[in-house]
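Asker: The structure is given below, and queries will be raised subsequently.
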Amino acid sequence: MSSSVSAAAWCQGYIDQILTYDSGQVGIYSTWRSGWTTICNAKTEWKGIPPEICFVWFSTASSSITENKQVIVYYRTIDQADCATIPAGLAAPAPGYVRLIK
């Protein structure tokens, strides 16, 4: 992960799978990473993301799958080139937003 002050990434593609653990951790399996990435926690605040936002992001990710639409997941703390290598599990950075695209 880059330590650049101007780091930002808009990771775009499809979400193929979404997973929610009994701990509340929500993960997505996306085409830009081809692996599991944690985006939030539905039970407790995770890296500044409250559960209320997590429920909305879960809904957005679910809609992406059922409607076969792309999403953009924005990250303030990584470079664009890092979308394919975002750390897995709880080591992943918190997104700034999750956007559904027509």
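The values are calculated or read from the model by the stated rules, or taken from the named source; none is laboratory data. Note that the structure is predicted; figures quoted are calculated from it, not measured. A quick note on method: Cβ atoms are made from the backbone with ideal geometry, for glycine too, and the neighbour counts reach across all protein chains shown. Only protein heavy atoms, including side chains, enter the accessible area calculation; ligands, DNA and RNA are left aside. Shrake-Rupley method; radii C 1.70, N 1.55, O 1.52, S 1.80 Å.
Asker: Taking amide H atoms as placed 1.01 Å from N in the peptide plane, list the residues 5 or more away in sequence, or in a different chain, whose amide H sits under 5 Å from that of Asn41.
Answerer: Long-range HN contacts for Asn41: Val26, Trp46.
Asker: In percent, how large is the relative contact order of the chain, given Cα pairs closer than 8 Å and 6 or more residues apart?
Answerer: Result for the chain is 35 percent.
Asker: With unit charges on the beta carbons (Lys and Arg positive, Asp and Glu negative) and the dipole taken about the Cα centre of region 3-70, which residue among Thr44, Cys11, Val26 sits farthest to the positive side?
Answerer: Positive-most Cα among the choices belongs to Cys11.
Asker: If the viscosity is 1.002 mPa s and the temperature 20 °C, what translational diffusion coefficient in µm²/s does Stokes-Einstein give for the chain when Rh comes from Kirkwood over Cα pairs?
Answerer: Answer, rounded: 161 µm²/s.
Asker: Would you work out the charge dipole size for the chain about its Cα centre, treating the Cβ of every Lys and Arg as +1 and the Cβ of every Asp and Glu as -1, and quote it to the nearest 20 debye?
Answerer: My answer is approximately 160 debye.
Asker: May I ask you to rank Asp82, Asp16, Asp22 by accessible area, largest first, using a 1.4 Å probe over the protein chains only?
Answerer: Asp22, Asp16, Asp82
Asker: At 222 nm, what value in deg cm²/dmol follows for the chain if DSSP H runs of at least 4 each add -39500 (n - 2.57) and the sum is divided by all its residues, to the nearest 500?
Answerer: -5000 deg cm²/dmol
Asker: Right, next: Using the heavy atoms of the protein chains and a 1.4 angstrom probe, tell me the accessible area per residue for region 18-96 in square angstrom.
Answerer: With all protein chains present, region 18-96 gives 47 Å² per residue.
Asker: Is any residue of region 85-102 close enough, with backbone N under 15 Å, to a label point placed 7 angstrom from the Cα of Ser34 along the Cα-Cβ axis, and if so, which?
Answerer: Answer for this model: 85-86.
Asker: Just to make sure I understand: if all protein chains stay in place, what is the order of Ser62, Ser34, Ser23 by accessible area at 1.4 Å, largest first?
Answerer: Descending accessible area places them as Ser34, Ser23, Ser62.
Asker: Quantify, in whole percent, the carbon and sulfur part of the accessible surface of the chain (1.4 Å probe; protein heavy atoms only).
Answerer: On the way: 2960 of 5390 Å².
Its accessible area is 55 percent carbon and sulfur atoms.
Asker: Give a quick list of GluC sites (Glu not before Pro) in region 35-102 that DSSP marks as loop, anything other than H, G, I, E or B, with at most 11 other Cβ atoms within 10 Å.
Answerer: When the GluC sites (Glu not before Pro) of region 35-102 are filtered for loop state and at most 11 Cβ neighbours within 10 Å, Glu67 remain.
Asker: Here's a follow-up. Give me the extension gain from Asp79 to Leu100: residue separation times 0.36 nm, minus the current Cα-Cα distance, reported in nm with one decimal.
Answerer: 5.5 nm
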